[in-house]
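Here is the structure we will look at, set down as structure tokens.
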Amino acid sequence: MNIQNGISLLIAAIVAWIAYGQYHTNLQNHRFALYDKRFKVFIALMEFLSHIIREADINQAVLTNFLINTNEAYFLFGQDNEIEQYLKLVTSKATELRMTNRKLSSDLPIGKERTELAKKDEELCTWFYNQIDISKKLFGKYLIIK
């Protein structure tokens, strides 16, 4: 009877060890899947910023595509998180750049208002350029593989 108890205990230990291994593997798979989805949001942001930096403007199609590709941020990074707030800020600044460029390309005469708009446009373009490094740091917290 004592040998049977020992064998049962050994089998139970082996089963527990296998279950722990499966749990650990599933946890790693979940982390990788989450990383992959978060990284796609980061890539969408980098493509969006690159477009704005290259063109110094944004059109509605590119803005809509950005919104579609980043709409999961709320669920992937948690509620009231800095990533979602940051993406909203980027969207707001892109809309501001779009409106500024539309006014500049209108028949607005040379003068104070046009000069102020040109300065605002330049400031927005500089802001977007600076976001490349800021975005890497911000997303880095969520994309570092441990």
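Scanning for something at pLDDT 95 or above, under 18 Å from residue 37 (Cα atoms), touching a helix residue (DSSP H, G or I) at 6+ places or on another chain (Cβ under 9 Å) and surrounded by 11 or more Cβ atoms within 10 Å (Cβ to Cβ), does region 88-105 turn up at least one residue? No: region 88-105 contains no residue that is at pLDDT 95 or above, under 18 Å from residue 37 (Cα atoms), touching a helix residue (DSSP H, G or I) at 6+ places or on another chain (Cβ under 9 Å) and surrounded by 11 or more Cβ atoms within 10 Å (Cβ to Cβ). Inspect all residues belonging to region 30-51 and state whether any of them is at pLDDT 95 or above and either more than 16 Å from residue 139 (Cα to Cα) or not in a helix (DSSP H, G or I) (or both). The answer is yes, given that some residue of region 30-51 is at pLDDT 95 or above and either more than 16 Å from residue 139 (Cα to Cα) or not in a helix (DSSP H, G or I) (or both).
Against the numbered list (1) free of Cβ contacts under 8 Å to residues at least 24 places away in the same chain; (2) part of a helix (DSSP H, G or I), residue 71 comes up short only at (2). Residue-level check: of (1) assigned to a helix (DSSP H, G or I); (2) surrounded by 14 or more Cβ atoms within 10 Å (Cβ to Cβ), residue 64 misses just (2).
The values are calculated or read from the model by the stated rules, or taken from the named source; none is laboratory data. In this text, all values refer to a predicted model and were calculated from it rather than measured experimentally. Glycine gets a Cβ as well: all are built from the backbone with ideal geometry, and neighbour counts include every protein chain shown.
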